[in-house]
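Heads up, the thing below is written out as structure tokens.
The values are calculated or read from the model by the stated rules, or taken from the named source; none is laboratory data. All values derive from a computational prediction rather than experimental measurement. Here the Cβ positions follow ideal geometry from the backbone for every residue, glycine too, while neighbour counts run over all protein chains shown. Protein only, heavy atoms only, side chains kept; ligands, DNA and RNA dropped before computing areas. Shrake-Rupley method; radii C 1.70, N 1.55, O 1.52, S 1.80 Å.
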Amino acid sequence: MSRHRYVRNIDVDEELEEDILSDGGDDLSPEDYELLMDRVDLVRATLGSEDQSGISDHEVKDTLLYYNYAVEQSVNWLLEEQARKNAAKERKAAKEREKAAKLAQSKATSPKIARPSAPKAAKKTAPSKSGSGTATPTRAVDQRQLDISALNLTAKEDAPVEEEPPKPTIALEKLLEEVRKEMDTQERSEKRSLSLVVIGHVDAGKSTLMGRLLYELGRVEEKKRMANERGSSKIGKSSFSWAWELDGTTEERERGITMDIALQSLSTPHREITILDAPGHKDFIPNMISGASQADSALLVVDSATGEFEAGFERGGQTREHLLLVRSLGVSQVIVAVNKLDQVQWEKSRYEEICSTLKPFLVQSGFQSSKTRFVPIGAMAGVNLSSRDSPESGALKQWYKGPTLVDLLDTLEPPSRDIMAPLRFPISNVFKEQGAGIGVAGRVCGGVVQVGERLRILPGDGTAVVKSISNDDHSLPWAADGSNVILYLTSVDPVHLSIGSVMCRPDNLIPLATAFTARIITFDIDIPVIAGASVELYHHSRDVPASISKLVSTLDRATGAVVKKNPRVLAKTTSAEVQITLRNTSMSGPSAQAPIIPLESFSNNKDMGRILIRRSGETIGAGVVLSLLS
Amino acid sequence: MKLVNKYVDKNGAGHVTLRPEDDEDMWHLYNLIQEGDSVRAPAIRRVQNVSATGSTESHRVRLNLTLAVTRVTWAPSTSASAGDLAQAAESSSTPQNSTAALHVTGRVTSENPHVKMGAFHTLDLEVNRDVRIEKADGWDSIALGRVQESCVPGRGAEVGAVVCGEGTAIFCLLSEHMTVILQRLEVPIPRKIATGSSAHEKGLSRFYSTLYSSFLRHIPYANPSLRAIVIASPGWVRDGVYDYIMSEASRTGNKALLGARNKFLKVHVNSPHVHSLVEVLQSPEIVSQLKETKFAREGIMLDKFHKMLGTDEMRAWYGPEHVILAADRGAVGTLLISDELFRSNDAALRKKFVSLVESVRERGGEVVIFSSMHESGQQLNQLSGVAAILTYPLDVEIVEAEEREAKEEEERKAAEENGKGQ
Ligand SMILES: Nc1nc2c(ncn2[C@@H]2O[C@H](COP(=O)(O)OP(=O)(O)OP(=O)(O)O)[C@@H](O)[C@H]2O)c(=O)[nH]1
Ligand SMILES: [Mg+2]
């Protein structure tokens, strides 16, 4: 402390002069300083000069001070230090030689390379050469790699050779072949998989519906059902018995409110469906967004009870907000389940009233009417979920002859999968599991991931090896675009794993950004957006403080043509190009993590290029990334 | 801050001597001292003597130096390392209240036996050491206002705030002009997954206990100057946190903490990020208890500006050019302006903002100078540092067109005159 203060107070003029003094001998009395310089000479006598020994005066002084001027101890320590330095140098030199030899060899063994472009070709062969060495990385190999990468910190020039061995390209090609074949068979066998987020206003009956549906489809054992029934009635919440199948935490059960996404899977005659049961409560929209960004299609549940449907659909209600959110995140298919019709005596007119209120809004929000289906249900009693055979279905059967919920689920169209895209795996959950190690959950957003692969984790410089892949308790050799899976990892430092980070193949990393331009659409907002407005930016399972740093232009919603440059404000339902900058919210004190997130332009990767903007607990806009600024 | 001495004449010439007493005073000084000012404060120099025998001898001397300031740098205090928090739980060290640092660099302008005139020096301004400031351009109303404000006896209210999310907590201390972020706590809580929720619950209880020990370390709950302790969060985390703190307090017999029970306020906010502090300040709980404090007033004003933007966009203006145009027309009812604008090294620019403030005040308008050390001030800074609520609606585009016309008119006249002259 005193040293720093002292150094700061030095005159610029005198700094050079002072430097000599402060070099190891700071704060010494003149006598002590004399003694020190004396001893330095003695040490040098054994060690040799700086050039000969490779040990600087500074090191000598520090060592002497450490050993309280004892010459012998200092000399011993410094000799050891010298040996260490030499060994390190030798290792480096050896590697240099090895590298040169390898290079020469690769040149020699590739006669196909045209002479004129030799230097370029040599550069190219180097990484693939090192890559072809390791087949499936084992623990032992990893350890070595870790050591090597540690060395890289000091010897930068070694970086190209020591880089993570990319998976042999040949293997990836084979894998893609296999994946494509498998997908073809899936398509033919008509048992195709997709994921579905269940959305709607708080208390609409989403979890109850899912619990009951899972039961109807044989996914819940009788024993479990009875336990839920007993447990819920014990705390006076028996009406939530079905919801307990999904509302797993103590707090959710006590409050009778879903707080976070629950993941389940079910199977209909022609579909394997991953279910993401979202919370309806306004405060948990961040979690709902995380779920929606992992889904291809949506099931909207609305409460048909008098006044309840209206509460969810009015401004500020989540029926509205959720629909806009899922649409903005790329979901284009939606099934609307009109629930709790028992509360309105299964009146046909109420069902039709709700359908006709929702239809125009759905169209306005960008859902094609051909991709929107409606179904009347009673979640609690299980009416019209998989059948209308129960006695409770009597009233509905009178007027409804259409498909059941399961019939509709069975016809959901899985979106096309892009297995050729670079791998992106945004992490939505990190956890440790007894025996299985560290797991990360999420959805593959482009490409294919396979067991044994080493992946990079961004942001940061962490890597991990995929130990196993699992989906609904099945172990998989690989997972392709669109699959909701858990990756179990090894050789990973858990500090690198956080919700919102993205895993990629080391040879094709997702870019990082702190500022970018985006095309956005503002929602039905009361307060216009102005330049510099503080917002929260949502991207997959992450949300960060940001500001709309610049209003570039407002655009025509249909044509995208510029209407006005540098507008002063963005009013409601306006299409605009803006700049968004992540905020570093530190006024005083330790700053938050450097504001940087993995992001891609929408034109490069649709899944990674969508953003949502919220402010004061309200979604104010959605958009796509145009380009990253740096 | 103590006002030791003040001599300023009608024209603003003169000097003020201040004795800073804490971090916030350092922040005031940072806002007062500008490039070109003359600052006198104690310094320590190492002096070397060469003796007759040729050996050098050095010793330190304490002396007062006067500098013509060329640079002022401010480093806010950092009382705890960010981050992670398993360690934080283990280390039971007392908070080291490292203080904010303020360095003033410049050429020495006073005659001195040890230091040459014109030599460069950097002063580390310290608490309890007098600083004499003489302004290059004289003391204007903003600078004098700042001196007055900083020397009001007795510190304003302090509020401790913990902004929580599931697994995150940010500990802050708010005083009149500053928000200090004491710690950012992050305890990873696995999100619930289909199979069982024990990991989630284990994480949650680890979060609570880590949060509790950080709370004890950072929030001076027993200090009488601490008016309120806010626990803010979306969802119900704040209830869980509050209940845990109180149950631990009674389990461990922490009388001081139990005694502070009525200082606690639970506030709902929409996000667990620091910027939710503005929501805290706008919440009815805070407004009713602390509305006279500077930070609450800033929060309320910013909210009013946003609301006006929603109800009548033509009465909510922002950006220096536009706001000055509105002030020229006498339309500014409330001016929101950040202290950052007065720290400009461009004297002309600073003058422009000083006269903006003065003209609004002259017409009976209200002026709120925001502190950049509060979240509200940071948000205002992003909006260019200045915004105004107008007393009547004005269309920016019409005003701009008028300005253009007036300018063209002037140019035309000038050209005509030139023509006549020829
Ligand atoms: N009468 C009747 N009540 C139902 C029906 N379906 C659900 N409920 C009730 O509605 C309440 C809310 O059910 P949940 O399943 O928790 O609703 P949710 O949409 O999952 O709620 P959040 O997840 O918290 O948004 C519970 O009390 C259910 O018993 C139904 O078909 N009829
Ligand atoms: Mg639910």
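Of note:
- With respect to being in the same structural domain as B:Met246 (by TED's automatic domain parsing) and out of contact with any strand residue (DSSP E or B) (no Cβ under 8 Å at 6 or more places or on another chain), B:Pro224 fits the description.
- Counting only strands (runs of 3 or more DSSP E) that sit completely within segment A:496-580, those holding 1 or more residues that are at pLDDT 95 or above correspond to A:502-504, A:515-522, A:533-539, A:542-555.
- Whenever a residue of segment B:164-191 is open to solvent by less than 20 Å² (accessible area, probe 1.4 Å), its partners that are part of a strand (DSSP E or B) and of a type in the set (Lys, Arg), lying with C-beta atoms within less than 6 angstrom and at least six residues away or across chains, give the pairs B:Ile170/B:Arg184.
- Filter result (within 11 Å of ligand 1 (Cβ to nearest atom) and within 14 Å of B:Arg191 (Cα to Cα)) within segment A:278-301: A:Ala278, A:Pro279, A:Phe284, A:Asn287, A:Met288
- Taken as a whole, segment B:347-358 holds no residue that is touching a strand residue (DSSP E or B) at 6+ places or on another chain (Cβ under 8 Å) and part of a strand (DSSP E or B).
- Within segment A:486-500, none of the residues are crowded, with 19+ Cβ neighbours inside 10 Å and in contact with a Leu (Cβ under 7 Å, 6 or more places away or on another chain).
- Matching residues in segment A:297-323 - criterion: being within 16 Å of ligand 2 (Cβ to nearest atom) and touching a Leu at 6+ places or on another chain (Cβ under 8 Å): A:Ala298, A:Leu299, A:Leu300, A:Val301, A:Val302, A:Thr319, A:His322
- When we screen A:Ser239, A:Ser233 for residues that are open to solvent by 50 Å² or more (accessible area, probe 1.4 Å), away from every other protein chain (no Cβ under 14 Å) and within 16 Å of ligand 2 (Cβ to nearest atom), the only hit is A:Ser239.
- Of the helices (runs of 4 or more DSSP H) that lie entirely inside segment A:176-277, those containing 1 or more residues that are of a type in the set (A, V, I, L, M, F, W, C) and within 15 Å of ligand 1 (Cβ to nearest atom) span A:206-216.
- Residue match in segment B:204-213 (condition: within 12 Å of chain A (Cβ to nearest Cβ), open to solvent by 40 Å² or more (accessible area, probe 1.4 Å) and not aromatic (Phe, Trp, Tyr)): yes
- Members of segment A:333-351 found to be assigned to a loop (DSSP other than H, G, I, E, B) and within 16 Å of ligand 2 (Cβ to nearest atom), listed by number: A:Lys340
- Yes/no for A:Ile285 being open to solvent by less than 10 Å² (accessible area, probe 1.4 Å), facing chain B (nearest Cβ under 10 Å) and in a strand (DSSP E or B): no
- Under the condition of being within 14 Å of chain A (Cβ to nearest Cβ) and either in contact (Cβ under 8 Å) with a residue 60 or more places away in the chain or out of contact with any Ser or Thr (no Cβ under 8 Å at 6 or more places or on another chain) (or both), the residues counted in segment B:267-291 number 13.
- Within segment B:111-156, the set of residues being surrounded by fewer than 16 Cβ atoms within 10 Å (Cβ to Cβ), in a helix (DSSP H, G or I) and among the polar types (S, T, N, Q) comprises B:Ser141, B:Gln148.
- Residues located in segment A:523-560, provided they are open to solvent by less than 30 Å² (accessible area, probe 1.4 Å), of a type in the set (S, T, N, Q) and out of contact with any Asp or Glu (no Cβ under 7 Å at 6 or more places or on another chain): A:Ser534, A:Ser541, A:Ser547, A:Thr554
- Whenever a residue of segment A:231-251 is under 12 Å from A:Pro279 (Cβ atoms) and in the same structural domain as A:Ser265 (by TED's automatic domain parsing), its partners that are hydrophobic (A, V, I, L, M, F, W, C) and within 16 Å of ligand 2 (Cβ to nearest atom), lying with C-beta atoms within less than 6 angstrom and at least six residues away or across chains, give the pairs A:Leu246/A:Met210; A:Leu246/A:Ala262.
Per-residue answers, yes or no, for (1) at pLDDT below 70; (2) open to solvent by 80 Å² or more (accessible area, probe 1.4 Å); (3) part of a helix (DSSP H, G or I); (4) not assigned by TED's automatic domain parsing to the domain that holds A:Val40:
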residue	(1), (2), (3), (4)
A:Gln73	no, yes, yes, no
A:Trp77	no, yes, yes, no
A:Glu90	no, yes, yes, yes
A:Ala104	yes, no, yes, yes
A:Lys107	yes, yes, yes, yes
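- Of the residues B:Gly364, B:Gly385, the single one that is on the phi > 0 side of the Ramachandran plot and either in contact with a helix residue (DSSP H, G or I) (Cβ under 8 Å, 6 or more places away or on another chain) or of a type in the set (A, V, I, L, M) (or both) is B:Gly385.
- Residue list for segment B:24-55, filter: within 14 Å of another protein chain (Cβ to nearest Cβ) and open to solvent by 30 Å² or more (accessible area, probe 1.4 Å): B:Tyr30, B:Pro42, B:Ile44, B:Arg46, B:Gln48, B:Asn49, B:Val50, B:Ser51, B:Thr53, B:Gly54, B:Ser55
- Selected residue [more than 13 Å from ligand 1 (Cβ to nearest atom), in contact with a Leu (Cβ under 8 Å, 6 or more places away or on another chain) and open to solvent by less than 10 Å² (accessible area, probe 1.4 Å)] from A:Ile377, A:Ile335: A:Ile335
- For segment A:356-374, the set of residues classified as open to solvent by less than 10 Å² (accessible area, probe 1.4 Å) and either within 20 Å of A:Thr411 (Cα to Cα) or out of contact with any helix residue (DSSP H, G or I) (no Cβ under 9 Å at 6 or more places or on another chain) (or both) consists of A:Leu362, A:Phe367, listed by residue number.
- Only one of the listed residues (A:Gly211, A:Gly200) is within 18 Å of A:Asp472 (Cα to Cα), within 12 Å of ligand 2 (Cβ to nearest atom) and of a type in the set (Gly, Ala, Ser). That residue is A:Gly211.
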